[in-house]
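Values quoted throughout were computed directly from the atomic coordinates according to the rules given, and no laboratory measurement underlies them. In this text, all values refer to a predicted model and were calculated from it rather than measured experimentally. Because the Cβ atoms are built from the backbone with ideal geometry, glycine has one as well, and the counts that use them run over all protein chains shown.
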Amino acid sequence: METARIKSILESILFVARKPMPLDELAAATELPSEAIFTVLEEIVAQSQNWGITVVKVAGGYLMGTNPGNVDYVEKILHPKEETRLSPQALETLAIIAYKQPVTRLEIERLRGVDSGWVIESLAAKKLVREVGRSEAVGRPYLYATSENFLRHFGIENVNSLPPLPASETEQETVFKSALQETAS
């Protein structure tokens with residue numbers, strides 16, 4: 001199949017997809033090898049950077065969306081809901097979960113030094129974190145991890161893209177207390 005046809009098919013799939021499409025799903029849908037799909041997708045990503053509609057790699061897949069440079073104009077038409085702000089407590093808890101996942105509420109509270117139940121519930125309600133199972137510890141507490149919405153919200157490809165965590169616990173606490181702070185404003 002020629003490249004122009006593959007591009008056309010991929011653009012159509014990404015246009016109707018409601019979530020980031022992983023490379024393996026796109027390869028299965030097109031019945032082409034992943035390597036061929038990857039090459040064409042990277043070409044589309046590079047070409048579309050100056051278009052009104054771009055293709056970006058986010059949350060482990062590819063997604064078609066509005067060019068970020070045009071957001072002010074698009075918002076005038078869409079009248080989006082008021083942006084949800086995260087409190088410093090929520091950002092600190094989210095940073096702990098992102099770096100330590102899967103993590104229990106008790107581990108989060110040990111690091112923060114305060115009760116974190118309501119913060120975890122708030123983050124779960126915003127679909128930024130999710131329960132991923134139960135620990136083998138006494139009482140079998142829930143384990144928490146970040147969600148795909150977390151990756152999309154912060155524009156992160158995957159949790160391995162987070163900056164490295166310092167080795168000492170004192171430095172880690174500083175990171176947790178300041179992580180993602182720039183997004184709070």
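Scan region 17-70 for residues that are part of a helix (DSSP H, G or I), of a type in the set (Gly, Ala, Ser) and exposed (fewer than 13 other Cβ atoms within 10 Å of the Cβ) and jot them down. If you could, list the steps in order and put the result at the bottom.
Going through region 17-70, the residues part of a helix (DSSP H, G or I) turn out to be 23-30, 34-48, 68-70.
Imposing the further condition that a residue be of a type in the set (Gly, Ala, Ser) reduces the set to 27-29, 34, 36, 46, 48, 69.
Within region 17-70, Ala28, Ala46, Gly69 qualify.
Filter region 102-118 for residues that are within 16 Å of Arg134 (Cα to Cα) and in a loop (DSSP other than H, G, I, E, B) and give the result.
Pro102
For region 119-157, name all the residues that are assigned to a loop (DSSP other than H, G, I, E, B), surrounded by 13 or more Cβ atoms within 10 Å (Cβ to Cβ) and either free of Cβ contacts under 8 Å to residues at least 60 places away in the same chain or among the polar types (S, T, N, Q) (or both).
So the first thing to find is which residues in region 119-157 are assigned to a loop (DSSP other than H, G, I, E, B), and the list is 126-128, 135-141, 147, 155-157.
In the following step, the residues that additionally are surrounded by 13 or more Cβ atoms within 10 Å (Cβ to Cβ) were identified as 126-128, 135, 141, 147, 156-157.
Result: Lys126, Lys127, Leu128, Ser135, Pro141, Ser147.
Under 7 Å between Cβ atoms, which residue pairs at least 6 apart in sequence (or on different chains) link something in region 55-71 that is on the phi < 0 side of the Ramachandran plot with a partner that is basic (Lys, Arg) and surrounded by 15 or more Cβ atoms within 10 Å (Cβ to Cβ)?
Val58/Arg152
If you scan region 130-151, which residues turn out to be within 18 Å of Leu162 (Cβ to Cβ) and among the hydroxyl-bearing types (Ser, Thr, Tyr)?
Tyr144, Thr146, Ser147 - these are the residues of region 130-151 that are within 18 Å of Leu162 (Cβ to Cβ) and among the hydroxyl-bearing types (Ser, Thr, Tyr).
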